[in-house]
Amino acid sequence: MIGENKGQVTEMLYPGHFACPGCGAALTVRYLTRALGEDLVVVITASCWSIIAGVPPLTALKCPILHCPFPSAGAVGGGVRRGLDVKGAHGTTVVVLAGDGGTFDIGLQALSGAAQRNENFIFVCYDNEAYMNTGMQTSSATPYGARTNTAPYPLFKEGRKKDIIQIMSAHGIPYAATATVAFPDDLEQKFRKAKEIEGFRFIHVLSPCPPGWGVESAETIQISRLAVETCFFPLYEIIDGGSMQLTYRPPVQKKLEQYLSAQRRYSGLHEQQLEKLQQDVDRHWEKLLRLSGRS
Amino acid sequence: MLNRADRPKALYSCGDRPSLDNKTGDWRQITPTEAGRPSPCRQACLLDGEIPAWLEAVKGERWEEAWRIMRRSNPFPAITGRVCFHPCTMECNRRLMDQAIDIPAMERAIGMWRLERYRPPAAPRVLRGRVAVIGSGPAGLSCAYYLNEAGYRVTIFEKAPVAGGMLALGIPSYRLPRELLAEELKVLTADGVQFRLDSALGRDFNLEQLYGEFDQLFLATGAWRSRALNIPGADRPGTWSALDYLTRIHLGETVPLAEPVVVIGGGNAAVDAARTALRENGMRRVSILYRRSRAEMPADPAEVEAAAAEGVELIFNVIPREIKGGEPLLKVLLDRTVSGDGGVKILPDDPVSMAAGSLIYALGQEPDLSFLDRLSQPRFFYAGGDLITGPATVPEAIKAGRIAAQAIAGRLAGRPETAAPPAQGAPVTFDQLNLWAVTAPQPVERQADPAEEAGRCLGCGTCNSCGICYLFCPDVAVQREQGRYSINLDYCKGCGICARECPARVLTLEGGAGYAS
Amino acid sequence: MPVEMITGNQAAALAAQRAGVDLVAAYPITPQTAIVEYLAEFWARGELGGEFVSVESEYAALACSSGAAALGARTFSATSSHGLAYMHEMLHWCAGARYPMVLVNVNRALGAPWCLEPDQGDSLSQRDTGWLQLYCANAQEIFDTILQAFALAETIMIPCMVVFDGFYLSHTYEAVEVPDQETVRRFLQPPSFDPPLVPGRHANLHALTTGEVQTGLIRERHRVMQGAAAVLAEIDTRFQAVFQRGYGALAAEIPAGAKTVVLAAGSCAETVRWHLPHLAGTGLINLRMFRPFPGDILCRMLEEKAVERVVVVDRNCSPGVGGILAQELKAALYRMAQPPVVHDLLLAGGIDFTPRMLTEALAEKRASARSAEIWGVELS
């Protein structure tokens, strides 16, 4: 049974937050704050969470939130960590929330800098695969084949999605992992693990956006689950930029088409495009199996 | 409230009030609602038992609550847990995954918990009226239980020297230990139900006499008249009706059987008689003869299986034509038959002969309605159980007693709390369940611990507090209080994830906006 | 008090070190680089407490500082030119967040093309970011102003930029009194402002808000900035008590009867000051505080001294408008019934400012015109 230990945790997310119905990013933060505990500082860069966190005098989290400009997340995270250390608050955990834009695109420089310096905090990319807060524009996390408002019909996103975990683990950081909202136990476990590790930790959380992806708000979990079951978004972790292990292996790899056809943003994909995507997924999955010694 | 000018100047923008002030419930277009679709077990239950609900209580080890739910449909779970054939288990969706939930064991556990913790009521009940129950079988006992609960003075008349009807005299003790029945009777007595044993209708009293003493009458005298074996030689010594045989055994009499014992019939009474002959008379050669095939046998297949395992020989598609001899062995002449589609056709071959030390026939029973002829005027009374349905099951009799009690109480004012019938509509099927959330990582075998075993229940249409709705709510709008879940409509944005992910398919989405308060 | 022969960059690094900063995050750029190197050296020797972070960009330098400042840490950084321009977004953000940080900018021209000369356009073009800007005329001022900047920023919770010229000050050795840390402590105590970010405290800091709230916050910053010169004066008084020297928002040397005043900021003011004895009837206003612009003080002074002409030395130019200091001055003069004429000596591109240039500018033929532009490059 999933969510078995749900009795012992403190909910850090208040009801009344400003996320859209069915928001994957809200769930992501709900889970990760539960796992990280109350002695926490959350740094939020420009993203959906700039809204979700609430308009003062309100706040949606049971801990301090520090908003910061779009490209600055990695650097601000390090500054907060060091500020806490200066003030003797060594036990306080710092977590930085960034969307895919604030991670893959505009935030990549600061992210890379922080990772390279092995700044002692957790960087979370809640990835909804486009600029969703501004209404679904292409980011470099948008997968090949998806339509956005900057790649409208008959266009589609041409380039591949960046392999951000590879980029980040190439920095040799102590911990890098993927997670998604349909597997909250896996997600929380990774955050609990990350909390105990010193240095830069990067967790990439696929967080479905129902309006952006063109799914019903009720389908958030379902689509997140399909992403894993089709191996489009495998769940794994990489320690010290080297040893990689899958944390969940689907009993049967479902056809990617099942995942794509459930989302309106992929509507009208040609056979060849579908094939290309399936090949990409298969190749990536085989690579992961090889790296994890499971092939 | 400070006026504008007096307000301290803020240095920077900062929110410090929980977003609870933002009632997001008014964003909602659709509302998750408990649909109450029936589970297959509940729909199959002969008692309308709220099985997933009490299993959920057992899972949480809330025994008091489990008993409270149980007794709404079944006041004798310790008994039914042993004697019911449990169609619930046969329909259990979990059987398609690994193994059906051991519902009988859970039922027994609740029954035993109740018996062990029973304390007589401290204060006498408010008495609303007097009811006579004639017949102390499961229908009579059930009716008495519910009426007594609702505050009526109940007197049970029983023709036998022991109470329990079929439970005492028909069902073999290996299926229902008599100490357990005694316990249940003790509880009923302590609760205030009065028994008049050795009081047979038509022999010791007649109905007319009761109308003066009681406000209402419930007749549950069962179906005790055995159908006769209408073939030549059926009256030879050494020939018994199954019910007569079982009754005598259960009254402690000695019934002289001789090997080989031949039992004729395909119902539960035949199997009971055969297995009792093995146990009580030490017989080793016992056969059951049935005129149809094994698949057509009305007896509980598990019982038939058990009998075969104990060495009872099963012979199918034969029908007795005549009984001869008797010096010392009877000679039973049998015709061969073909059966199917409800019909039985006797083959024209020569009969086969079979030797029998004793012959027991179980060809069905009928109620004795002769008391009706002795009424001097039209009379109003309630009746239920085998008396009305003909030979049926213990749970059906209990349900009849419950319904009668409700009707009688309704007539006299003050109804006992009883279970509502299951919700309408098709039961939740295996395919509709969201098993991914529940089964991960592996199928689970039956567990010895009741709470763990009940924890295997998938709920199928009934909330079993699995907490998936709570876990997956992005708005933290599912509340948990004492292990139970409810949706806080002040904050629910109506995304529908809870309904979509509910493993048991309890929730549906209904139109309607706005927050609760 | 010990006197050392040091460069302006060294003075800046020493001031940060003596101020007991908690965090230095910086990125190298000519001509500021040596500040970062000196601080790294202090840190390596264990003479710089707290944290030293070699970040990946100027933007990150300020971003990193902002994170620590949110917790009440005293932060310091230094940059120049393109680095400052790259910080632009964070400059606005830190001012809005009221982080009392101190940032040194060493003036350098902005490309294209690449040019390393000390044009002031880099810092002056950040005038609307909500930062205090203090300009230094020599190495001693650099050291002293940085100490005062921390005191001022932490008093009014507005970040402060300390500015000086590249090379003329950054790379030139001067004799500077460098007090020890204990003496500095007598003027500048460890930071004691209430940090917005406190672990365990509910705070949704700098979150999305309404235009009305933003108005209130901007107006409050405006009000506080308007009083900054007065606060600086108080701080200067305390400073004088410890160090027996002081400055204020501007330093004026106007001989009796002088009808012309040269207004300059940074090393140009120092050049003018050394040349004053040779310039009859001419005074100097060394504009130390550019943001907020001390217009009231200026006008009062010009009125009192009955100054008829102000020659502004602008080592910068806002193309299409002209020198930025002249613009600011002219706007301030609007409140005067009989404002002096304003002549603008433009040294944009950071060209060398010679005494001869000054003499020629003062002798400009259009002396009676209400306003005139004199391009330094056209003078001999």
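A few comments on the model shown:
- Among helices (runs of 4 or more DSSP H) entirely within the range C:53-129, having at least 3 residues that are surrounded by fewer than 24 Cβ atoms within 10 Å (Cβ to Cβ) and facing chain A (nearest Cβ under 10 Å) singles out C:88-96.
- Sole exception among (1) assigned to a helix (DSSP H, G or I); (2) within 14 Å of chain C (Cβ to nearest Cβ); (3) of a type in the set (Phe, Trp, Tyr) for B:Tyr12, by number: (1)
- Against the conditions (1) surrounded by 19 or more Cβ atoms within 10 Å (Cβ to Cβ); (2) among the charged types (D, E, K, R); (3) within 30 Å of B:Leu372 (Cα to Cα), B:Arg292 satisfies every one except (3).
- Hits in the range B:248-286 (condition: small (Gly, Ala, Ser) and surrounded by fewer than 17 Cβ atoms within 10 Å (Cβ to Cβ)): B:Gly252, B:Ala258, B:Gly282
- Looking across B:Leu363, B:Leu372, one residue alone is hydrophobic (A, V, I, L, M, F, W, C) and under 29 Å from B:Asn281 (Cβ atoms). It is B:Leu363.
Yes/no matrix, rows are residues, columns are (1) over 26 Å from the mean Cα position of the chain (by Cα); (2) of a type in the set (A, V, I, L, M, F, W, C); (3) away from every other protein chain (no Cβ under 14 Å):
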site	(1), (2), (3)
C:His171	no, no, yes
C:Val178	no, yes, yes
C:Thr183	no, no, yes
C:Pro195	no, no, no
C:Gly200	yes, no, no
C:Ala203	yes, yes, no
C:His206	yes, no, no
C:Glu212	yes, no, no
C:Arg223	no, no, no
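- If you go through the range B:109-131 and keep only what is within 24 Å of the chain's Cα centre (by Cα) and under 20 Å from B:Gly401 (Cβ atoms), you end up with B:Ile110, B:Gly111, B:Arg114, B:Leu115, B:Tyr118.
- For the range B:498-517, filtered to residues that are within 11 Å of another protein chain (Cβ to nearest Cβ) and touching a Gly at 6+ places or on another chain (Cβ under 8 Å), the residue that is surrounded by the fewest Cβ atoms within 10 Å (Cβ to Cβ) is B:Tyr515.
- Failed item in (1) out of contact with any Pro (no Cβ under 9 Å at 6 or more places or on another chain); (2) within 19 Å of C:Ile285 (Cβ to Cβ), with C:Gly320 passing the rest: (2)
- Among residues of the range B:475-485, those that are under 30 Å from the mean Cα position of the chain (by Cα) and either closer than 19 Å to A:Thr28 by Cα or more than 9 Å from chain A (Cβ to nearest Cβ) (or both), counted: 3
- Selection status of B:Ser39, touching a Gly at 6+ places or on another chain (Cβ under 7 Å), polar (S, T, N, Q) and within 14 Å of chain C (Cβ to nearest Cβ): no
- The number of residues in the range B:372-407 that are over 17 Å from B:Ser136 (Cα atoms) and touching a Ser or Thr at 6+ places or on another chain (Cβ under 8 Å) comes to 1.
- Checking C:Phe143 against (1) within 23 Å of C:Ser318 (Cα to Cα); (2) of a type in the set (Phe, Trp, Tyr); (3) buried (at least 24 other Cβ atoms within 10 Å of the Cβ), the condition it does not meet: (1)
- Residue tally, condition at the interface with another protein chain (Cβ under 7 Å from one of its Cβ atoms), of a type in the set (A, V, I, L, M) and under 19 Å from A:Phe18 (Cα atoms), over the range A:44-80: 7
- When residues of the range A:176-206 are limited to those that are at the interface with chain B (Cβ under 10 Å from one of its Cβ atoms) and not hydrophobic (A, V, I, L, M, F, W, C), the one surrounded by the most Cβ atoms within 10 Å (Cβ to Cβ): A:Pro184
- Cβ-Cβ distances below 8 Å connect the following pairs, each with a first residue in the range C:210-221 that is more than 16 Å from A:Pro56 (Cα to Cα), a second residue that is basic (Lys, Arg), and a separation of six or more residues or different chains: C:Glu220/B:Lys9; C:Arg221/C:Arg98.
- Cβ pairs under 7 Å, 6+ apart, first in the range B:38-53 and within 12 Å of B:Cys460 (Cα to Cα), second small (Gly, Ala, Ser) and part of a helix (DSSP H, G or I): B:Glu50/B:Ser73
- Residues that are out of contact with any Gly (no Cβ under 9 Å at 6 or more places or on another chain), under 30 Å from C:Leu116 (Cβ atoms) and of a type in the set (S, T, N, Q), drawn from the range C:317-353: C:Gln327
- Selection from the range B:205-220 of residues that are within 10 Å of B:Ile134 (Cα to Cα) and either part of a loop (DSSP other than H, G, I, E, B) or in contact with an Asp or Glu (Cβ under 8 Å, 6 or more places away or on another chain) (or both): B:Ala220
- Qualifying residue in the range A:179-194 (condition: at pLDDT 95 or above, within 24 Å of A:Ala114 (Cα to Cα) and not in a helix (DSSP H, G or I)): yes
- Every residue from the range B:464-488 that is assigned to a loop (DSSP other than H, G, I, E, B) and at pLDDT below 95: B:Asn464, B:Ser465, B:Cys466, B:Gly467, B:Gln482, B:Gly483
- Candidates in the range B:243-262 are the residues that are in a loop (DSSP other than H, G, I, E, B) and touching a Phe, Trp or Tyr at 6+ places or on another chain (Cβ under 9 Å); of these, the one that is nearest to B:Ile288 (Cα to Cα) is B:Leu257.
- Qualifying positions in the range C:330-377 - of a type in the set (Ser, Thr, Tyr), under 22 Å from C:Ser267 (Cα atoms) and in a loop (DSSP other than H, G, I, E, B): C:Thr354
- One residue alone among A:Ile165, A:Ile173 is more than 14 Å from chain C (Cβ to nearest Cβ), in a helix (DSSP H, G or I) and either in contact (Cβ under 8 Å) with a residue 40 or more places away in the chain or of a type outside the set (S, T, N, Q) (or both), and that residue is A:Ile165.
- Take the conditions (1) modelled with pLDDT under 90; (2) at the interface with chain A (Cβ under 9 Å from one of its Cβ atoms); (3) surrounded by 14 or more Cβ atoms within 10 Å (Cβ to Cβ); B:Cys495 misses just one of them, which is (1).
- Only a single item in (1) within 25 Å of C:Leu84 (Cα to Cα); (2) out of contact with any helix residue (DSSP H, G or I) (no Cβ under 9 Å at 6 or more places or on another chain); (3) of a type in the set (D, E, K, R) is not met by C:Glu212, and it is number (1).
- Restricting attention to the range A:97-125 and to residues that are facing another protein chain (nearest Cβ under 10 Å) and farther than 21 Å from A:Leu40 by Cα, the residue that is surrounded by the fewest Cβ atoms within 10 Å (Cβ to Cβ) turns out to be A:Gln116.
- C:Arg186 being of a type in the set (Lys, Arg), buried (at least 18 other Cβ atoms within 10 Å of the Cβ), assigned to a helix (DSSP H, G or I) and modelled with pLDDT of 95 or more: no
The values are calculated or read from the model by the stated rules, or taken from the named source; none is laboratory data. Since the structure is predicted, the reported quantities are computational estimates derived from the model, not experimental observations. Every residue, glycine among them, receives a Cβ derived from its backbone with ideal geometry; neighbour counts consider all protein chains shown.
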